[in-house]
There are 2 protein chains.
Amino acid sequence: MAKVSPRTLSGFMELPPKEQMKMEAMMEILRRSYSLYGFTPLDTPVIESAEVLLAKGGGETEKQIYRFSKGESDLALRFDLTVPLAKYVAGHYSELSFPFRRYQIGKVYRGERAQRGRFREFYQADIDVIGDGKLDIINEAEIPAIIYSTFTRLGLKNFKIKVNNRKLLNGFYAMNGMSEKAGEIMRTVDKLDKIGEKKVKQLLVDEVKMYPDKAENVLDFMAITGSNAEVIARLEDYRGMDAQFDQGLDELITVTKYLADFGVPEENFALDLTIARGLDYYTGTVYETEMTRHPEIGSVCSGGRYDNLAEYYTDKQLPGVGISIGLTRLFYVLNEQGLLSDEIITAPCDALVLPMTEELGPAVAAATALRQGGVRTQLYGEKRKFKAKMSYADKLGAPFVVLLGEDEIREGLLSVKDMASGEQKKLSAEAAAAWIRAEVARRAASAVIKDE
Amino acid sequence: MAKVSPRTLSGFMELPPKEQMKMEAMMEILRRSYSLYGFTPLDTPVIESAEVLLAKGGGETEKQIYRFSKGESDLALRFDLTVPLAKYVAGHYSELSFPFRRYQIGKVYRGERAQRGRFREFYQADIDVIGDGKLDIINEAEIPAIIYSTFTRLGLKNFKIKVNNRKLLNGFYAMNGMSEKAGEIMRTVDKLDKIGEKKVKQLLVDEVKMYPDKAENVLDFMAITGSNAEVIARLEDYRGMDAQFDQGLDELITVTKYLADFGVPEENFALDLTIARGLDYYTGTVYETEMTRHPEIGSVCSGGRYDNLAEYYTDKQLPGVGISIGLTRLFYVLNEQGLLSDEIITAPCDALVLPMTEELGPAVAAATALRQGGVRTQLYGEKRKFKAKMSYADKLGAPFVVLLGEDEIREGLLSVKDMASGEQKKLSAEAAAAWIRAEVARRAASAVIKDE
């Protein structure tokens, strides 16, 4: 029979088992961390009516979207988790309690040009808090505090959550009479990291058509750095010139204060006036997160405050604040950089039971006892030579092997071998489970990411 | 602005938060249960090349498939998790250890005619064990044993895993010289439950064109019931007439014996000769699972032994055995029947912290302490009246409310209220966390399904 090549589409991640286990470990930490902060998990369809999904319409996204017909229906695959959230909140409005806090970890689809490290199907892991009419500023501090806590649980150490405020930026442009050019200026200033201050100034003058002194003002403003207290002190110099600026500054001060209350160390967050995010959507605090030793990766977690989540679906004013981790890309990069731990257990089982007798009844009983003792146990039922069985255990990376021969069955004991140390003991099923659980717990305590 | 209706497509499940929490609880039990038996989680793309996905081609499935173009590519959404598994095993063959045990809980897509309780996007929760060249019979007993254990953990009590063997069936038809008509006969016999023995016999004679005595033979065979020992004793009467039948009977005896070794009570599994499953694919033991008080639902979990998982992709002989839970449908039915527990916590948090002061610092500290104590905690930061805050807590279904006013802050204590009993205590954060954890653990110990 002619065979079809079992290929996976380019831009679609499909991991070997051991890497998948690391991905699962990351996802499990995200679920637990988000749950610990009182977010409810949501699960919305991958397919939506194109009319619903593209209610906002336009832009780069629409070109990338997977859109198709089925029967009479014009359908599309979700390209983020925010539009489905907006639809959900508008549609389930009366069933929800506000503030409504949800997390969603799900696959989204964008038909980007295929290239290494770019994915067409990828996980986003989002949290959002949605208010009904209004939403307290403390949420704008809690969201990055959750990211700090989540990243720390994952094992990330060298990261910085960069915080800015859109009112502050808009106010600054207004006080300089540059409101109309604000978008263009921000896009240009966004290139500071890449092309440097001098070239940005040239672009501002030549292409954005700014007066050189105004361009200088912008660059001076963007160059404000230092400790958070220092940045705020420098920003105070601008106070009193524009009401929106002043409000943004007050918000930034409040968020900075609460971030400290939430226990986020200053080394992991920084006021950064160059962060702007999308132009229309965000209206208050905005975030980007940089892996400080790998700035080339770009932001691994971004978001901010918005005033109107679901305006395309409802007249209700639904302000919110949210943040999104690009999980597939983050995993890909960490894996490529060798930053994923080899300490966590990637075998599908903690113990592999190897029967040494024809009749498998006692091995079944042993496996059942270990499972009742909370040990992830695989029963190896194939009739093969001892060497082949041990080589299977090795390839699987099973932390423990449990041998069950005539002697063990007679004595009612299990021969348990720690595959890492080589240590072997004859134990009751209960004692074996306790030994294995302790070692598994030790290894499970190590972080999935090694970011030393 | 004209609004787009925030509708969800028909046939796509989108749950309100409390129901979603119940679904999550079920999925978490499936993940843990499958892991406990040494299965590795897989995650394959939702989109595959149509050529790959439809390598087998034909049949009802192809009409239902979501198939579309993107650029030059002919794409399709997966319609089950078995074809992607076959592709995965063929494609990653050299990286895998055999037997390869994987579970996958994922969404699949079938454009079925929309009707109540029928889904176009639905979760399947599959386990499979794949051998390289051969696979021991014990796996055919372990798979239903895992389903027994999983269903029991979910809280299901009134279910029966029906077991049959395709070799036994094929052998029976061969010994009656009916091999060619076997498919047609099995499809007719499948209607026994619905139309009864008399009408089935008539169909066998009139439409399948069987001699009446042969039809009688078939119905006599299908009517063999009783305890598993009784069924086996009756089947022994047929031994010696067909080699395939004898092999099937031996397998059935072995599987029955091991099922008992695995601790599956006889009330939860039954040899049932009317179970046949798909015609071409299965070659040994086959399973269906009936909720005994709701037979109208049909099988909630089915599968069996197959000899050639990936023949469309590889020359390797890859026998396996697997089973699939139609999770979305199962959830839907349980929910409709009122069989989902109201005892498990469906609030996004265990404790809702309600600050009674303007300054939120102490409330942030309290929430942080509770979270460090393992309590899922939501900080309510909105400036609203006490009554509105309590009504929010009620609507959310938060098990505990933590009040923090001037007094509590001065004393360094939290006022903690158990919302179910009304009991209120002033406690340190640590003592509060311990109290809340204990109550949460009590409620978490109750099963998600109430099947009394």
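Tell me, B:SER5, B:SER302 in order of fewest to most beta-carbon neighbours within 10 Å?
On the way: B:SER5 13, B:SER302 22.
Placing the least packed residue first, the sequence is B:SER5, B:SER302.
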Check your understanding: By counting other Cβ atoms within 10 Å of each Cβ, how are A:ILE195, A:ILE436, B:ILE29 ranked from fewest to most?
Key -> A:ILE195, B:ILE29, A:ILE436
**Study point:** Relative exposure of A:ASP307, B:ASP350, A:ASP407, judged by other C-beta atoms within 10 Å (fewest first)
**Key:** A:ASP407, A:ASP307, B:ASP350
Review point. Under 5 Å between amide H atoms, partner at least 5 residues away or on a different chain: which partners does A:LYS450 have, H built in plane at 1.01 Å?
Key: A:LEU340, A:SER341
Study note, to complete from the structure: Taking the alpha-carbon centre of each part, the distance from the range A:92-168 to the range B:185-211 in Å is 58 Å
Review point. Hey, any idea what the orientation-averaged projected area of the convex hull of the range A:163-218's Cα atoms comes to, in nm²?
Key: 3.7 nm²
Check your understanding: So what are the ³J(HN,Hα) numbers for the range B:311-316, from phi and the Karplus equation (6.51, -1.76, 1.60; θ = phi - 60°), rounded to whole Hz, Gly and Pro as x?
Key -> 4, 7, 10, 8, 7, 4
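So what's the convex hull volume per residue for the Cα atoms of the range B:15-67, in Å³?
149 Å³
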**Study point:** Nearest-first distances (nm) between copies at B:GLU112, label 7 Å from Cα via Cβ
**Key:** 3.6
Study note, to complete from the structure: Taking Cα atoms only, helix A:386-396 is inclined relative to the longest principal axis of chain A by an angle, in degrees rounded to 10, of 10 degrees
Practice item. Using θ = phi - 60° and the Karplus relation 6.51 cos²θ - 1.76 cosθ + 1.60, list the HN-Hα couplings for the range A:321-329 in order, rounded to whole Hz, with x at every Gly or Pro. Key: 9, x, 8, 9, 9, x, 5, 4, 5
Exercise for review: Determine the shielding of peptide B:20-33 by partner chains: average, over its residues, the number of Cβ atoms on other chains within 10 angstrom of each Cβ.
Suggested key: 2
Review point. Whole-Hz Karplus ³J(HN,Hα) for the range B:181-190, in order, using 6.51 cos²θ - 1.76 cosθ + 1.60 and θ = phi - 60°, x for Gly and Pro?
Key: 9, 3, x, 5, 4, 4, 5, 6, 4, 4
**Study point:** Beta bridges per DSSP with both ends in the range A:351-444, % antiparallel, nearest 5
**Key:** 50 percent
Study note, to complete from the structure: The helix B:166-175 Cα axis meets the longest alpha-carbon principal axis of chain B at an angle in degrees, between 0 and 90 and rounded to 10, of 20 degrees
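So which GluC sites (Glu not before Pro) in the range A:117-167 end up in coil per DSSP with only 16 or fewer other C-beta atoms within 10 Å?
Taking the range A:117-167 and a limit of 16 other Cβ atoms within 10 Å, no loop GluC sites (Glu not before Pro) are found.
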Study note, to complete from the structure: Rounded to one decimal in Å, the inverse mean reciprocal Cα-Cα distance for the range A:351-444, i.e. its Kirkwood radius, is 13.0 Å
Exercise for review: Could you pull out every residue, at least 5 positions away or on a different chain, whose amide H is within less than 5 Å of the one on B:ALA270? Hs are placed 1.01 Å off N in the peptide plane, and Pro or chain starts have none.
Suggested key: B:ILE161, B:LYS162, B:VAL163
Review point. How about the range B:380-444: which trypsin sites (Lys or Arg not before Pro) there lie in a loop by DSSP and see at most 16 other Cβ atoms within 10 Å?
Key: B:LYS383, B:ARG384, B:LYS385
Check your understanding: Between B:ASP342 and B:LYS385, what FRET efficiency comes out of the Förster formula 1/(1 + (r/R0)^6) with R0 = 25 Å and r the beta carbon distance, rounded to 0.05?
Key -> 0.30
Point to revise | Cleavage-rule hits (trypsin sites (Lys or Arg not before Pro)) in the range B:208-277: DSSP loop, at most 13 neighbouring Cβ within 10 angstrom | key: B:LYS209, B:ARG239
Review point. So what's the gap between the Cα centers of the range A:314-331 and the range A:7-53, to the nearest angstrom?
Key: 14 Å
Practice item. Calculate the tail of P(r) for chain A: the fraction of all Cα-Cα distances greater than 37 Å, expressed in %. Key: 41 percent
Study note, to complete from the structure: Pairs over 23 Å Cα to Cα, from A:LYS22/B:LYS450; A:LYS160/A:LYS257; A:LYS63/A:LYS194; B:LYS22/B:LYS87; B:LYS56/B:LYS107, come to A:LYS22/B:LYS450; A:LYS63/A:LYS194; B:LYS22/B:LYS87
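Can you tell me the relative contact order of the range B:351-444? Whole percent, Cα pairs under 8 Å, sequence separation 6 or more.
32 percent.
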Review point. Calculated FRET efficiency, A:ASP250 and A:LEU219, Cβ-Cβ r, R0 35 Å, to nearest 0.05?
Key: 0.90
**Study point:** Largest to smallest principal axis extent of the C-alpha atoms in the range A:245-308, angstrom
**Key:** 34, 30, 18
Exercise for review: Give the long-range amide H neighbours of B:CYS301: residues separated by 5 or more places, or on another chain, with amide H under 5 Å away, using H modelled in the peptide plane at 1.01 Å from N.
Suggested key: B:THR289
Practice item. Compute the FRET efficiency between A:GLN424 and A:ASP80 as 1/(1 + (r/R0)^6), taking r as their Cβ-Cβ distance and R0 = 56 Å, and round to the nearest 0.05. Key: 0.60
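Expressed as cubic angstrom per residue, what is the convex hull volume of the alpha carbon set of the protein assembly as shown?
In the protein assembly as shown, the Cα hull volume divided by residue count equals 187 Å³.
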Practice item. With the cut-off at 20 Å, report for the range A:213-274 the share of all Cα pairs above it, as a whole percent. Key: 28 percent
Point to revise | Geometric extent, Cα atoms of the range A:139-305 - Rg, Dmax (angstrom) | key: 15.6, 48
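Can you tell me the dipole magnitude for chain B around its Cα centre, using point charges on the Cβ only (Lys, Arg +1; Asp, Glu -1), in Debye to the nearest 20?
In total the dipole reaches around 1580 debye.
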Exercise for review: Mind pulling the angle between the C-alpha long axis of helix A:361-372 and the longest principal axis of chain A? Nearest 10 degrees, somewhere in 0 to 90.
Suggested key: 30 degrees
Review point. For chain B, what's the relative contact order in percent, using C-alpha pairs closer than 8 Å and at least 6 residues apart?
Key: 17 percent
Practice item. Mind checking which chain A residue has its Cβ closest to the axis relating A to B, and how many whole Å off it is? Key: A:PHE68, 2
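Bear in mind these aren't lab numbers, they're just calculated from the coordinates by the rules spelled out. As the structure is a prediction and not an experimental result, all values here were calculated from the model. Cβ coordinates were reconstructed from backbone atoms using ideal geometry, including for glycine residues, and neighbour counts include every protein chain displayed.
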